[in-house]
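The structure appears below as structure tokens.
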Amino acid sequence: RTQETLLEVNNIEVIYNHVILVLKGVSLSVPKGGVTALLGGNGAGKTTTLKAISNLLHSERGEVTKGSILYRGERVQDLGPSDLVKKGVIQVMEGRHCFEHLTVEDNLLTGAYTRTDGKGAIAADLDMVYTYFPRLKERRKSQAGYTSGGEQQMTAIGRALMSRPETILLDEPSMGLAPQLVEQIFEIVKSVNENEGVTFLLAEQNTNVALRYAHYGYILESGRIVMDGPAAALRENPDVKEFYLGMA
Ligand code: ATP
């Protein structure tokens, strides 16, 4: 694995509604080809960090007021969300966010809307997505709104893959899913990372599963990174064990 840094967040501060300081100096870096986990409890600021990166804060009256965000060394915090998609960074939002009235397959195809490389390549990628998610192939004609929570999460990730991203920002993939399904989703993340070379930054409350699949982790508490390290080291850290893995 190379050590090239794709994404670099330097000491960012985020304020909502001009007054609510939510991120108080967050720094992290995401190496190309890695799976990096952003961990922390409810309200720690994980979603805010991902939205800051993908420029999705404006609609929520949030603003990056300090610090910088670089992708491949280039400042990206003044770009629009679709410019970032063109650079190969795509966010999968928390809570799935499928187009409920479209079929699973049409949802996947909407992920290819920025592509200009033709129908053949898009069809090949649809097959690629179905190889990772055989369940979606079975459900491809179903209206997404009527599929299960796990299937909707798969659809959301599959849709991101259809844009042929370099980096996926994945917000809380485990949310609301049964443990077996969570494991399945993370297995797929792992094989997409290994086989397609897609880089992941994933926000996760489920520290246990995230640290088994990620290479590196950052722990966020009340808007600050309080600890970071290789996933294997974090798993063995006494504080992480006590406060995040429930092994006191
Ligand atoms: P969760 O797992 O619940 O999504 P999180 O770690 O992702 O937690 P955030 O959603 O980033 O946390 O929220 C961090 C803090 O920012 C919380 O205290 C939340 O109440 C606050 N917050 C989030 N969105 C807004 C907003 N639009 N306006 C004001 N405060 C907000």
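Laid out as a table, the results:
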item: Helices (runs of 4 or more DSSP H) fully within the stretch 95-173 counting 1 or more residues that are open to solvent by 50 Å² or more (accessible area, probe 1.4 Å), closer than 22 Å to Y213 by Cα and in contact with a helix residue (DSSP H, G or I) (Cβ under 9 Å, 6 or more places away or on another chain); result: 118-132, 134-138, 149-161
item: Pairs with Cβ under 9 Å, 6+ apart, first in the stretch 149-170 and at positive phi, second in a helix (DSSP H, G or I) and open to solvent by 20 Å² or more (accessible area, probe 1.4 Å); result: R164/A121; R164/E196
item: Residue in the stretch 81-94 that is surrounded by 14 or more Cβ atoms within 10 Å (Cβ to Cβ), part of a helix (DSSP H, G or I), away from the ligand (no atom under 12 Å from the Cβ) and over 16 Å from the mean Cα position of the chain (by Cα) present; result: no
item: Qualifying residue in the stretch 27-34 (condition: assigned to a strand (DSSP E or B), within 23 Å of R235 (Cα to Cα), out of contact with any Gly (no Cβ under 9 Å at 6 or more places or on another chain) and within 16 Å of the ligand (Cβ to nearest atom)); result: yes
item: Filtered residues of the stretch 162-173 (kept if among the aliphatic types (A, V, I, L, M) and over 12 Å from the mean Cα position of the chain (by Cα)); result: M162
item: Identity of the residue in the stretch 63-80, surrounded by 20 or more Cβ atoms within 10 Å (Cβ to Cβ) and within 16 Å of the ligand (Cβ to nearest atom), that ends up nearest to K32 (Cα to Cα); result: I69
item: Residues within the stretch 44-72 that are touching a residue at least 40 places away in the same chain (Cβ under 8 Å) and outside any helix (DSSP H, G or I), tallied; result: 16
item: Qualifying residue in the stretch 204-220 (condition: farther than 13 Å from T36 by Cα and of a type in the set (D, E, K, R)); result: no
item: Qualifying residue in the stretch 218-233 (condition: of a type in the set (V, I, T) and closer than 30 Å to D125 by Cβ); result: no
item: Identity of the residue in the stretch 1-26, over 16 Å from Y216 (Cβ atoms) and surrounded by 22 or more Cβ atoms within 10 Å (Cβ to Cβ), that ends up farthest from the ligand (Cβ to nearest atom); result: I12
item: Output for the stretch 218-248, where each listed residue is within 16 Å of the ligand (Cβ to nearest atom), open to solvent by 60 Å² or more (accessible area, probe 1.4 Å) and without any contact (Cβ under 8 Å) to a residue 60 or more places away in the chain; result: V226, F243
item: Residue, nearest to the ligand (Cβ to nearest atom), within the stretch 35-62, restricted to residues that are open to solvent by 40 Å² or more (accessible area, probe 1.4 Å) and over 25 Å from K241 (Cβ atoms); result: E60
item: Subset of the stretch 192-213 that is in contact with a helix residue (DSSP H, G or I) (Cβ under 7 Å, 6 or more places away or on another chain) and open to solvent by 10 Å² or more (accessible area, probe 1.4 Å) - its residue that is nearest to the ligand (Cβ to nearest atom); result: N206
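The values are calculated or read from the model by the stated rules, or taken from the named source; none is laboratory data. This is a predicted model, so every value here is computed, not measured. All Cβ positions, glycine included, derive from the backbone under ideal geometry; neighbour counts span all protein chains shown. Protein only, heavy atoms only, side chains kept; ligands, DNA and RNA dropped before computing areas. Shrake-Rupley method; radii C 1.70, N 1.55, O 1.52, S 1.80 Å.
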